[in-house]
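Colleague: Here's a structure for you.
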């Protein structure tokens, strides 16, 4: 098994209060991330499932691949989890439901790190087994819509479908994040073709390549905004991704 040493950008100020403690950390100032990858679900929250395959595991597999590929392109990248962690367990909002604690953790991470874009990875499921392909959800903002169109377009091309992103007014993260943000529903576990794509390592890599191209095109449209901003309370998680 190949061990890759990667730097995962997160804040020391939220470490003791909000984040899992089983990561190694050292503090230093750093540039605010270009991208934060939000790996949906995790731990006790498996998300949707099909034939014994859990959404949380696909989200993590794709999220780590996307993290690595964006790093190779010299982007500063943060990620909300690198293992099967339950973010809600680290919350101090004990009066809230587990689901809302989880969402607030992700909101806190994003709004504290202040990345240029936030991409939340998920997988879909439907009673209609014919429904397939990516679904991209965006905020009410021009930049979020632009990012959504780019990601949707590249994933549409890969899947051979023609779908449009849609506005995510009811979605908590889309309403409460300060930066351009999207939710990427990578495909439908309930569809046999999508299931094959989502569970195949090579196909996952091709999905990641499509998203990387979309991110590169987005930053060509909106180049180097606030890239000199630093988060002086910053920290860098040094972790081993297996």
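Colleague: Could you please state, rounded to a whole Å, how far the C-alpha centre of segment 147-194 is from the C-alpha centre of segment 56-77?
Modeller: 17
Colleague: Separate question: Specify whether the C-alpha gyration tensor of segment 102-213 places it in the rounded, prolate or oblate class, a ≥ b ≥ c being the square roots of the eigenvalues: rounded for a/c under 1.5, otherwise prolate if a/b is larger than b/c and oblate if not.
Modeller: prolate
Colleague: Under the classification rounded if a/c is under 1.5, otherwise prolate if a/b is larger than b/c and oblate if not, where does segment 81-124 fall, given a ≥ b ≥ c as square roots of the Cα gyration tensor eigenvalues?
Modeller: Oblate, since a/c reaches 1.5 and b/c is not below a/b.
Colleague: Going by how many other beta carbons lie within 10 Å of each one, how would you line up 80, 112, fewest first?
Modeller: In increasing order of surrounding Cβ atoms, one gets 112, 80.
Colleague: Going by how many other Cβ atoms sit within 10 Å of their own, how do 167, 143 line up, fewest first?
Modeller: Arranged by neighbour count, lowest to highest, 167, 143 become 167, 143.
Colleague: Then there's this: I'd like the Kirkwood hydrodynamic radius of segment 85-155, using the inverse of the mean 1/r over distinct C-alpha pairs, in Å.
Modeller: 14.6
Colleague: Also: Under the classification rounded if a/c is under 1.5, otherwise prolate if a/b is larger than b/c and oblate if not, where does segment 29-162 fall, given a ≥ b ≥ c as square roots of the Cα gyration tensor eigenvalues?
Modeller: Oblate.
Colleague: If neighbour count is taken as other Cβ atoms inside 10 Å, put 126, 181, 50, 144 in order from fewest to most.
Modeller: Final ranking by Cβ density, sparse to dense: 126, 50, 144, 181.
Colleague: Please compute the Kirkwood hydrodynamic radius of segment 47-117 from all pairs of different C-alpha atoms, in Å with one decimal.
Modeller: Computed over Cα pairs of segment 47-117, the Kirkwood hydrodynamic radius comes out at 13.8 Å.
Each reported figure results from applying straightforward, stated rules to the coordinates on display, with no laboratory input. Since this is a predicted model, take the numbers as computed values, not measurements. All Cβ positions, even for glycine, are placed from backbone atoms using ideal geometry, and neighbour counts span all protein chains on display.
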